[in-house]
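Down below is the structure, laid out as structure tokens.
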Amino acid sequence: MRKRTIGVLALQGAVREHLMMLENCGAQGIAVKYPSELFACDGLIIPGGESTTIGKLIVRDGFLEALRKRASEDLPVYGTCAGLIVLARQVTEGNQPLLGLMDIVVRRNAYGRQVDSFEDDLIIKGIQDEEKPFRGIFIRAPWIEEVGPDVEVLCEHKGKVVMARQDRFLVSAFHPELTDDRRVHLYFLDMVKELLS
Ligand code: GLN
């Protein structure tokens, strides 16, 4: 079987870690810098970083229309942290460019300055073997404040939604690419495989 090609949007943020994780999962990761490169991708990851910056660059570099078009056709997209924010329909505060592909309302920097980064064990629906929780790494993370009717909640941490899926779109508030646990990326690759078959 041909290797899946998964793009990592390379405008700003933690691109390299995703590319390495994709290689470890047996996929081909490519850094996507131009909208035309989206057409070579079977799936796309929008990495963590700074969502206001990524959003501005998405607009500046002509990704807004291209991404919405590819996503509305058949492109599975996974957003981590800032990528989650960019995929949302709305943020609770401020005004920043969003793709609005998922029916979620997101609170940025939701854990506040005091606990700006932390780790905790997570139970994730669909990828979990109960014996082995997933180690979630949260860095100035958002949480999901509201989910629409078509959104499936995959993980809650202390009552807050931190991972969700809507059709071919997946988001997590935490950073699986910073662990050596491949399960979340394999879950996304399974989504890509399902949607292509
Ligand atoms: N706090 C960042 C934002 O609001 C997200 C942080 C991250 O991606 N690790 O965009």
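Please report the net charge: other residues with Cβ closer than 13 Å to the Cβ of Pro76, K and R +1, D and E -1. Net charge around Pro76: -1.
At 0.36 nm per residue, minus the direct Cα-Cα distance, what do Asp121 and Asp74 gain on full extension? Give it in nm, one decimal, please. Mind showing how you got there, number by number?
Details: separation 47, 0.36 × 47 = 16.92 nm, distance 3.25 nm.
So the extension gain works out to 13.7 nm.
Counting charges near Arg16 (Lys, Arg +1; Asp, Glu -1) among other residues having Cβ under 14 Å from its Cβ returns a value of -2. Partners of Lys125 within straight-line reach, counting lysines whose Cα lies under 24 Å from its Cα and excluding those fewer than 8 residues away in the same chain: Lys158, Lys160, Lys193.
Averaging the Cα positions of each part gives two centres, and for the stretch 2-36 and the stretch 55-119 these lie 18 Å apart. Normalised by the number of residues in the stretch 59-197, the average gap of Cα pairs under 8 Å and 6 or more apart makes the relative contact order 24 percent.
Evaluated with a Cβ-only charge set (Lys, Arg +1; Asp, Glu -1), the stretch 13-122 carries a dipole of roughly 480 debye about its Cα centre, given to the nearest 20.
Please report the relative contact order for the stretch 87-140, taking Cα pairs under 8 Å with a sequence separation of at least 6, and give it as a percent rounded to a whole number. After rounding, I find 29 percent.
So for Cys25, Cys155, what's the accessible-area order with a 1.4 Å probe, most first? All intermediate terms of the calculation are to be shown ahead of the outcome.
Working: Cys25 20, Cys155 0 Å².
The most accessible residue leads, giving Cys25, Cys155.
With springs only between Cα atoms under 10 Å, which of Gly62, Gly79, Gly49 fluctuates most in a Gaussian network model of the chain? Top of the fluctuation ranking is Gly62. Note: relative contact order over the stretch 1-95, using C-alpha pairs below 8 Å and six or more positions apart, is 29 percent. Classification of the stretch 1-94 by its C-alpha gyration tensor yields a prolate form. The axis ratio a/c (a ≥ b ≥ c) is 1.5 or more, and a/b outweighs b/c.
At most 12 other Cβ atoms within 10 Å and a DSSP loop assignment: could you name the GluC sites (Glu not before Pro) in the stretch 78-164 that fit?
Details: sites: Glu93, Glu119, Glu130, Glu131, Glu145, Glu146, Glu152, Glu156; in loops: Glu93, Glu130, Glu131.
Answer by residue number: Glu93, Glu130, Glu131.
Backbone phi angles across the stretch 144-156, fed through the Karplus curve with coefficients 6.51, -1.76 and 1.60 (θ = phi - 60°), yield HN-Hα couplings of 9, 8, 9, 10, x, x, 8, 9, 9, 7, 9, 7, 10 Hz in residue order; Gly and Pro are listed as x.
For the chain, with a Gaussian network of springs between Cα atoms less than 10 Å apart, report the residue from Lys56, Lys33, Lys158 with the top mean-square fluctuation. Residue with maximal mean-square fluctuation among Lys56, Lys33, Lys158: Lys158. Taken along the Cα-to-beta-carbon direction at a fixed 7 Å, the label points for Lys56 and Val153 span 3.5 nm. Taking the charge dipole of the stretch 121-189 about its Cα centre, with +1 at Lys and Arg Cβ atoms and -1 at Asp and Glu Cβ atoms, the residue from Cys155, Ile127, Val171 reaching farthest to the positive side is Val171.
Run the helix sum for the chain: -39,500 (n - 2.57) per DSSP H stretch of 4+ residues, divided by residue count, reported at 222 nm to the nearest 500 deg cm²/dmol. Could you put the intermediate results ahead of the total?
On the way: 5 runs with 51 residues, N = 197.
Calculated from helices alone, the mean residue ellipticity at 222 nm is -7500 deg cm²/dmol.
The values are calculated or read from the model by the stated rules, or taken from the named source; none is laboratory data. These numbers come from a predicted model, not from an experiment. All Cβ positions, even for glycine, are placed from backbone atoms using ideal geometry, and neighbour counts span all protein chains on display. Areas reflect the complete protein model, heavy atoms only, side chains present, ligands, DNA and RNA absent. Shrake-Rupley method; radii C 1.70, N 1.55, O 1.52, S 1.80 Å.
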